[in-house]
Amino acid sequence: MEILGIGINELIFILIIALLVLGPKDMQKTGKTIGRWLRDLTRSEGWKMFQQTSQEIRSLPTKLIRDANTEINEIEKEIKSASSVTSSGSANPKQNRQPQPYADKPVASPENKISPTEPEPKESESDQPNNA
């Protein structure tokens, strides 16, 4: 457990140092003063505003996700209504045409054919004239 980034071991160490420096009587007065100061701080309007802003920041991702989901649902409804209008045939008469089936074999033009070239025969070392 940490309070303001201070663990239990550090808190105990600070209290021991404060007891040694202030003494038992002054420690009691200091404790009361710190308690009043903290009470006044937590009851102030600034602290309440700080807490409210902190809560809003923590809940912001959830709120953004909810807003995005409602927008997505609205868009989805619009798409469904638009697709139902087009599928009924009243919106676009060009989409009512039946697609034509493709031919079984595509027709290839002779211009697109590439004929394989025959490799040229290589001269072997024994066929070359001996210059030596």
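Read-outs throughout are calculated quantities, based only on the coordinates presented, and are distinct from any laboratory measurement. On a predicted model such as this, the values are computed, not experimentally measured, just so you know. Here Cβ is always computed from backbone atoms with ideal geometry, including for glycine, and neighbour counts include all displayed protein chains.
What area, in nm² and to one decimal, does the C-alpha convex hull of the stretch 23-64 cast on average over all directions? Don't skip to the answer; put the middle values down first.
Values: hull surface 15.6 nm².
Reported value for the Cα convex hull: 3.9 nm².
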- Residue-wise, which Karplus ³J(HN,Hα) couplings in Hz belong to the stretch 68-80, taking 6.51 cos²θ - 1.76 cosθ + 1.60, θ = phi - 60°, and x for glycine or proline? 5, 5, 5, 5, 5, 5, 5, 5, 4, 5, 5, 5, 5
- Query: Which percent of Cα pairs goes in each bin when the distances of the stretch 44-85 are cut into 5 angstrom slices starting at zero?
  - Reply: 5, 21, 12, 12, 12, 9, 8, 7, 5, 4, 2, 1
- Can you list the HN-Hα couplings for the stretch 28-41, worked out from phi with the Karplus curve (6.51, -1.76, 1.60; θ = phi - 60°), rounded to whole Hz and with x for Gly and Pro? 5, 5, 5, x, 5, 5, 5, x, 5, 4, 5, 5, 4, 5
- Query: Can you give the convex hull volume of the alpha carbon atoms of the stretch 1-43 per residue, in Å³?
  - Reply: 72
- Query: Between ILE75, TRP47, SER59, whose Cα lies farthest towards the positive end of the dipole of the stretch 44-85 when Lys and Arg beta carbons carry +1 and Asp and Glu beta carbons carry -1, centred on the Cα centre?
  - Reply: TRP47
